[in-house]
Amino acid sequence: MKLIVTGGAGFIGSAVIRHLINETDITVMNLDKLTYAGNLESLTPVSDNPRYHFAQVDICDKPALEQVFTSFQPDAVMHLAAESHVDRSIDAPAEFINTNIVGTYNLLDVSRHYYAKKPQFRFHHVSTDEVYGSLGATGLFTESTCYQPNSPYSASKAASDHLVRAWLHTFDLPVVTTNCSNNYGPYQFPEKLVPLIILNALEGKPLPVYGKGDNVRDWLYVDDHARALCLVLEQGEIGETYNIGGHNEKTNLEVVETLCSLLDQMLPNSAHKPHYELVNFVTDRPGHDLRYAIDATKIEQTLGWKPEETFETGLAKTVQWYLDNREWWQRVQDGSYRGERLGVLS
């Protein structure tokens with residue numbers, strides 16, 4: 001099987017490619033624009049494998065996409081390329097509209113014409129639970145939950161989901177869609193909560209927590225997500241949507257508290273211990289959704305997937321990885337991201 005993975009140099013995409021190269025016989029084309037969050041060093045462990053290929057392509061460049069399809073002749077596409085940070089979408093929504101909506105349209109349209117010559121082809125669209133909006137104190141997102149996106153990011157992803165559905169029903173493009181909860185793990189760009197807290201704590205910097213820290217998210221270890229995505233790609237039913245969650249509902253403050261406790265244990269001689277004293281409550285994000293929680297019953301019952309990592313084991317592995325791979329994240333920090341606060345309305 002030959003597979004195009006868009007956004008393969010990103011956090012989730014690189015985890016998927018490492019899994020594919022290490023655990024399957026699939027040949028992979030990593031198609032990535034290499035924006036600030038794209039990092040080919042995340043693929044160093046598999047980059048010399050003859051089944052791994054890379055093309056620096058923007059999904060908004062339709063002729064370039066057509067050229068890759070013609071030369072590589074894929075059997076499937078797993079579409080992960082997206083602008084994904086809510087705070088950045090508040091600062092600069094246009095890039096999210098362009099990449100997540102226009103880029104997805106381009107990929108769907110190229111795939112539609114390609115599919116006419118490749119009947120066994122399928123398109124796997126990877127999305128987020130944020131398209132469903134915000135939950136109250138109870139309830140779970142299911143595959144039939146109505147869409148109510150509340151940020152420019154989630155609105156752009158919701159639009160891309162609807163495009164995928166339309167290309168299935170109007171053009172008979174064989175698609176599957178997945179919507180996942182918050183991912184964490186090795187190689188994550190440090191603007192996201194888990195790596196930001198770890199790296200700030202290592203340097204004795206304030207640990208920013210929005211509002212009271214009571215916003216709830218479901219946390220999913222990235223390697224568990226990668227396994228689920230590959231399973232859906234191969235066994236998911238065409239036209240179906242699968243929600244992927246970790247069964248780990250935690251407030252943001254609970255996440256920070258757990259990370260601080262792990263750092264206290266792993267770095268007993270740290271000058272910044274106890275790390276929780278670095279917590280700094282800051283003005284909340286505009287329109288911050290209160291709670292996300294996924295019901296992953298469907299993928300568990302139909303495809304047999306369950307997360308292998310608990311919240312505690314996954315976070316411990318994550319902290320240890322950042323402690324063991326300082327060179328990777330220090331080079332990331334030397335680039336365009338400086339740990340500044342984004343998404344603040346002026």
- Which of A81, A37, A64 moves the most in a Gaussian network model of the chain with Cα springs under 10 Å? A64
- Query: Pick from A15, A82, A92: which residue has the top mean-square fluctuation in a GNM of the chain where Cα pairs under 10 Å get a spring?
  - Reply: A92
- So how do W329, W219 line up by other beta-carbon neighbours within 10 Å, fewest first? W329, W219
- What FRET efficiency do you get for S47 and K317 if R0 is 35 Å and r is their Cβ-Cβ distance, rounded to the nearest 0.05? 0.95
- Modelled label-to-label distance, S144 and K212, 7 Å Cα→beta-carbon offset: nm? 3.4
- Message: Order these by the 10 Å Cβ neighbour count, fewest first: H275, H113.
- Response: H113, H275
- Indicate the gyration tensor shape class of segment 21-83 (rounded, prolate or oblate), computed on the Cα atoms with a ≥ b ≥ c the square roots of the eigenvalues: a/c under 1.5 is rounded; otherwise a/b larger than b/c is prolate and the rest oblate. oblate
- The distance between the Cα centres of segment 42-86 and segment 213-288, in whole Å, is 27
- Query: To the nearest 0.05, how large is the calculated FRET efficiency for E66 and F171 if R₀ is 25 Å and r is the Cβ-Cβ distance?
  - Reply: 0.90
- Item | Paramagnetic reach from M1 (point 7 Å along Cα→Cβ, amide N under 18 Å) across segment 103-119 | 115, 118-119
- Filtered trypsin sites (Lys or Arg not before Pro), segment 150-255: DSSP coil and at most 13 other beta carbons within 10 Å: K212
- Total charge of the residues flanking Y292 in space, meaning their Cβ is under 9 Å from its Cβ, with Lys and Arg +1 and Asp and Glu -1, is -3
- Pulled fully out, how much extra length does the chain show between H162 and F281, if you take 0.36 nm times their separation in residues and subtract their Cα-Cα distance? 39.2 nm
- Okay, which of segment 118-153 sit inside 14 Å, backbone N to the point 7 Å along the Cα-Cβ direction of L290? 133-140
- Tell me, what is the FRET efficiency for K306 and Q56 to the nearest 0.05, using R0 = 51 angstrom and their Cβ-Cβ distance as r? 0.90
- Task: Give me D161, D129 ranked fewest to most by other Cβ atoms within 10 Å of their Cβ, as a rough exposure proxy.
- Result: D161, D129
- Item | Candidate lysines - alpha carbon under 25 Å from K317, same-chain residues fewer than 8 apart omitted | K192, K205, K250, K273, K306
- So what is the relative contact order of the chain, in percent, for Cα pairs below 8 Å that sit 6 or more residues apart? 19
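Just so you know, all these numbers are worked out from the coordinates, no wet-lab data involved. These numbers were taken from a predicted model, which means no experiment stands behind them. Cβ: placed from backbone, ideal geometry, glycine included. Neighbour counts: every protein chain shown.
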